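Throughout, read-outs are computed from the coordinates displayed, never taken from laboratory work. Quantities reported herein were computed from a predicted structural model and do not represent experimental measurements. Positions of Cβ are generated from backbone atoms using ideal geometry, with glycine treated the same way; all protein chains shown enter the neighbour counts.
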């Protein structure tokens, strides 16, 4: 036991040394990666906080939903977890979370509908974060949020044959919420009258089968607009029937005009599609530069018509060599909703491209271990001053480094018994690649999406 402790402490010392080291080139080996969000935002000053999760399944298809809760603070936190299903509140639990501890939660009695449950986590102090996970192979995750919102956007849904798309809306407040759900495909706005003026009662949730109103669409962009009140939203995409893949679509509360996306695999039969949703009334002119080692690659340039969605095949493509991990530098003339669909021709997963944030927590919640390092992306014209805390049962270590403008920087990812808390002077995005030995497509990419 003592030797294990010494080895663990050595790992953390080495981790801090590497974090303080120089910037590393982002081109690594390229296995088939696919994106799922895991980055978590931290509430740093509130005396008490609430965290909300929705769209978790009961395991009807063998993928039970769980929530991982992490205490980044140095003090004990007391938490109350309230579980709500489409039929009402079913369970309440209280837990004590020690300093720098991790907790995995699932309801005692799993309901039957997919996706089926939501959770409100109330904490008696700051520094606690959470992510929802589905224990599929490869397992997927999505950050829980710190507040409900009036707007939510997501793209990447499909309602073609052998595809099922769900939208989960949760109202954790004490007043009714009235929402409109708008949908656009490549053909424009879809008439979805049953999705308009939907009333979601206080402390309740509803699940919408998108295919009931949006028929045979290969790509869909959604906007959830709360006309009254606030809601929490998560999308679910199930692709295939014999060996289906399952994606949690985190979405964003705002549209974006740029994104820097590293860790896009280009070899071993990899597939990568960029989905651009434009719910606005003006055409979006989008340029996608592909950075891949020594290669000079002509950028992709596309026009996404007002009120439509565009699917761009990035890999395979004749201009992109089958080599290592590539980076996509995306610039749009109009705010848009972005997602990356990646994996292999037989199995691909959807990742919402996030709105960058200033504070993130890296946790290996899925327990697979990570393939190399996490990558910090700075898509702005200013340098980012980053302070980090390496937190584990063996102690807390601090340090600082800089991420240059329009640049990437690799940092090690925390092992399963700890976490890394990153605080930046400007918003950043984070991507890491998790090892998954039981999936033939190779490693799975996780992009850190901040909670709102």
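Miscellaneous remarks
- Computed from the C-beta positions of residue 93 and residue 285, the FRET efficiency with R₀ = 45 Å rounds to 0.35.
- Relative to the current alpha-carbon distance between residue 406 and residue 303, full extension at 0.36 nm per residue lengthens the span by 34.8 nm.
- Average Cα contact separation per residue, segment 49-249, under 8 Å, 6 or more apart, as relative contact order %: 26
- Residues of segment 320-364 with amide N under 17 Å of a point placed 7 Å along Cα→Cβ from residue 242: 344-348
- Debye intensity ratio in log₁₀ form over the Cα atoms of segment 184-249, taken at each q of 0.12, 0.15, 0.21, 0.27 Å⁻¹: -0.39, -0.60, -1.09, -1.44
- Computed from the C-beta positions of residue 80 and residue 294, the FRET efficiency with R₀ = 56 Å rounds to 0.55.
- Multiplying each eigenvalue of the alpha-carbon gyration tensor of segment 49-249 by 5 and taking the square root yields semi-axes of 29, 20, 14 Å, largest first, rounded to whole angstroms.
- FRET efficiency, residue 215 to residue 175 (Cβ-Cβ, R0 35 Å, nearest 0.05): 0.55
- Relative frequency of Cα-Cα separations exceeding 20 Å in segment 283-394, percent: 57
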